[in-house]
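Notes follow once the structure below has been shown.
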Amino acid sequence: MAFLFQSILNGILAGCIYALFAMGLTLIYGVLNFVNFSHGELIMWGAYFLYFLMEKPLGLPLYAALLPALLLTTLLGVGMDRAVFKPLRKANALTLLIAALGLSFFLRNAAQFFYGAEIRTYGFEIRRGMRFWGMSITVNQVAIILTAVVCIVFLYFLFHRSALGKSMRAVSDDLELARVVGIDSKRAILSAWVIASALAGVGGILLALDTNLQPGMGLINLVKAFAATLLGGVGNLWGALFGGILIGMAENLGVLIISPGYKDAIAFAIMVLMLLLRPSVLLGRGRD
Amino acid sequence: MKKLTCLVLVLLAAALSLAPSAFAQDTYRIGAAFALSGSIAVYGEGFKKVIDMAVEEINAAGGIKGKKIEIVYEDNKSTPKDCVTAVRKLITVDKVPVLFGPAGSSNFMAAAPVAQESKVVMLSAQGAAPNLTKAGEYIFRVFPSDVLQGKGASELCVRLGYKEVPVMYVNNDWGLGLKNAFVENFKKAGGKVTDEIPYDENKADYRAELIRATKGNPMAVVNLTYIKEGAVMFKQAYEMGIKTQWVCGSAARAPKLIELAEKAVEGIIGTYPYVAQDTKEYKAFAASYKKKYGDDKIPIFGDYNYDMVFLTAKAIEKGGYSSEGIRKALPEVAKGYRGITGDKTFDSDRGVGAEYGVWRIKGGKIVDSKE
């Protein structure tokens with residue numbers, strides 16, 4: 001029985017990571033109405049920025065390097081918008097999609113150029129997890145779950161209790177109308193990028209602390225995050241958490257029955273099913 | 001005027017490069033498309049040292065029927081594209097009937113069709129990919145195929161008394177081929193494979209696969225893995241408190257695995273193609289290397305390259321200095337030939353067999369084990 005509980009716990013863990021990524025994805029989609037396929041590279045660069053700060057010549061300790069790494073990730077996110085997406089604000093969906101894909105390749109290859117394709121770790125000592133009820137969980141993994149919950153609560157209050165959040169939601173509903181009533185849409189868009197990038201950075205760092213760093217780490221998880229977004233309803237924060245955990249659980253419990261060779265297929269199957277059964281998920285949003 | 005000068009220079013250069021092949025009929029020339037620059041130049045440089053040594057020894061002993069051997073080196077720059085260029089140059093310009101191919105299975109396989117189409121014999125001394133020689137009957141290797149590791153892993157399990165094991169493998173051609181070889185041999189030996197768990201490359205999370213593999217607490221789990229995937233897996237298994245004996249192939253036998261997964265890989269065992277270094281022949285090889293180069297750091301795969309030169313010389317001696325003659329003579333001279341790396345008899349895929357040793361990670365180091 002223990003292996004079942006452990007699988008459920010691992011599912012929740014994977015789900016929290018997916019949810020952290022899905023929230024950023026859903027935020028940009030909500031405000032700018034396009035799927036940012038280079039979000040995965042923000043995740044990856046978040047992890048690599050921390051690596052850069054902790055390695056020689058800087059050699060900062062983890063606590064001192066965390067905030068600068070997140071700051072760099074945010075700068076990269078805002079820079080992405082300024083350099084690529086802002087000039088394309090009025091372009092059609094296909095153009096934006098291709099631009100995002102191109103950017104994704106560029107950023108991934110840039111990481112490969114600087115750090116190579118090999119996997120790296122932050123070099124912390126490997127520890128056995130804490131054990132209870134036949135399950136095991138590491139300190140990192142507790143941090144992942146807590147961070148995911150804290151981020152969601154924070155975002156929930158930001159969106160529903162603050163003026164900035166409300167202006168972002170207004171822009172998301174109708175950009176033109178928001179402008180007409182005097183909402184600073186530029187500020188709302190900038191905020192969306194800052195928050196989405198910071199979330200990506202947090203998620204990437206947690207993922208890399210739990211596993212390791214490699215240039216492809218963002219891409220693999222982005223598809224899962226996208227599936228989670230669809231499952232939870234685009235623009236719905238709690239939905240992102242719910243969708244993420246559901247996919248994480250489906251994957252981890254699914255491989256106990258079907259061949260693990262099809263692990264990724266589970267997330268894709270859920271995604272395709274959602275699109276077939278509820279095509280409105282991509283359009284309808286903000287039901288919370 | 002400038003154009004004309006250029007043209008003259010180009011023609012002159014062409015004439016110069018052609019000259020040796022036109023006049024040098026007093027030696028047997030063998031091509032070598034080696035990585036002398038680029039990412040795996042360390043291979044090419046090492047190979048060259050050993051090959052030069054082997055050629056010296058053959059020539060000192062009178063060459064082949066009185067004629068000396070000469071190696072024509074061509075830099076393949078470590079990329080598949082330049083490997084093709086290098087092999088093509090050796091075939092068309094230097095007109096060698098036989099050549100030593102590039103290191104790195106993908107590099108070798110990129111150039112193999114060129115040699116095959118030109119009907120020129122090409123050999124590999126370190127290519128391990130199962131399909132390495134698939135290009136055709138002119139392509140040989142003196143290094144054992146990876147698939148044989150599956151057999152080695154099976155024999156190891158039987159020796160250690162594991163009757164029922166699950167097997168995990170990388171979900172690609174390499175992993176699948178290896179897994180099939182393992183399952184086939186293990187069943188033949190009376191063992192039972194309880195579960196087969198394929199997994200994708202380049203994942204950060206293998207916890208689900210690990211839980212499935214260790215369901216029911218098996219005594220041992222066979223894991224046919226690479227370094228990267230192995231490091232992630234063994235680390236996560238350690239964190240989850242999974243206790244089992246991991247049995248691997250040779251692809252995971254690397255210091256990098258220990259660097260990445262530290263104490264999580266302690267106690268892992270595996271098999272690898274083993275070259276007995278205590279034989280008289282190997283000791284003589286090591287001694288003459290030391291005499292020539294002043295150190296005992298024999299380059300990786302150097303021993304296989306050494307055997308390759310001697311086999312090729314024997315084939316030229318028997319079949320004559322033509323690609324057709326060498327192709328036909330190679331299996332004949334190799335049959336029962338014991339080089340310093342063991343039996344070099346070619347199988348139906350123009351590859352060789354291997355003897356297997358056991359490695360274990362002990363105290364953060366890879367050591368030979370007696371199991």
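The values are calculated or read from the model by the stated rules, or taken from the named source; none is laboratory data. The structure displayed is predicted, hence computed values, not measured ones. Methodologically, a virtual Cβ is constructed for each residue, glycine included, from the backbone with ideal geometry; neighbour enumeration extends over all protein chains shown.
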Of the residues in the stretch B:199-248, those that are acidic (Asp, Glu), touching a residue at least 40 places away in the same chain (Cβ under 8 Å) and either closer than 22 Å to B:Tyr272 by Cβ or more than 8 Å from chain A (Cβ to nearest Cβ) (or both) come to B:Glu229
Quick check on the stretch B:65-83. Is at least one of its residues of a type in the set (D, E, K, R), within 24 Å of B:Gly325 (Cβ to Cβ), assigned by TED's automatic domain parsing to the domain that holds B:Ala329 and out of contact with any strand residue (DSSP E or B) (no Cβ under 9 Å at 6 or more places or on another chain)? yes
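The rows are residues; the columns are (1) touching a strand residue (DSSP E or B) at 6+ places or on another chain (Cβ under 6 Å); (2) at pLDDT 80 or above; (3) surrounded by 10 or more Cβ atoms within 10 Å (Cβ to Cβ); (4) assigned to a helix (DSSP H, G or I).
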| site | (1), (2), (3), (4) |
| --- | --- |
| B:Leu7 | no, no, yes, yes |
| B:Ala14 | no, no, yes, yes |
| B:Ser17 | no, no, yes, yes |
| B:Ala33 | yes, yes, yes, no |
| B:Ser39 | no, no, yes, no |
| B:Val50 | no, yes, yes, yes |
| B:Glu56 | no, yes, yes, yes |
| B:Gly62 | no, yes, yes, no |
Quick count over the stretch B:258-267, residues being touching a helix residue (DSSP H, G or I) at 6+ places or on another chain (Cβ under 7 Å) and either away from chain A (no Cβ under 11 Å) or without any contact (Cβ under 8 Å) to a residue 40 or more places away in the chain (or both), is 4
Taking the stretch A:206-233 and keeping residues within 13 Å of chain B (Cβ to nearest Cβ) and of a type in the set (Ser, Thr, Tyr) leaves A:Thr211
A careful count of residues in the stretch B:136-171 that are within 14 Å of chain A (Cβ to nearest Cβ), hydroxyl-bearing (Ser, Thr, Tyr) and out of contact with any Lys or Arg (no Cβ under 8 Å at 6 or more places or on another chain) gives 0
Per the filter on the stretch A:121-155, residues within 14 Å of chain B (Cβ to nearest Cβ) and of a type in the set (S, T, N, Q) are A:Thr121, A:Ser136, A:Thr138, A:Asn140, A:Gln141
Scanning the stretch B:106-120 residue by residue, the ones that are over 18 Å from the mean Cα position of the chain (by Cα) and either closer than 18 Å to B:Ser145 by Cβ or in a helix (DSSP H, G or I) (or both) total 5
Of all helices (runs of 4 or more DSSP H) fully inside the stretch B:121-236, the set with 2 or more residues that are surrounded by fewer than 19 Cβ atoms within 10 Å (Cβ to Cβ) is B:147-160, B:173-188
Taking first residues from the stretch A:136-151 that are over 14 Å from A:Asn10 (Cβ atoms) and second residues anywhere that are among the basic types (Lys, Arg) and part of a loop (DSSP other than H, G, I, E, B), the pairs with Cβ under 9 Å that are 6 or more apart or on different chains are A:Val139/A:Arg127
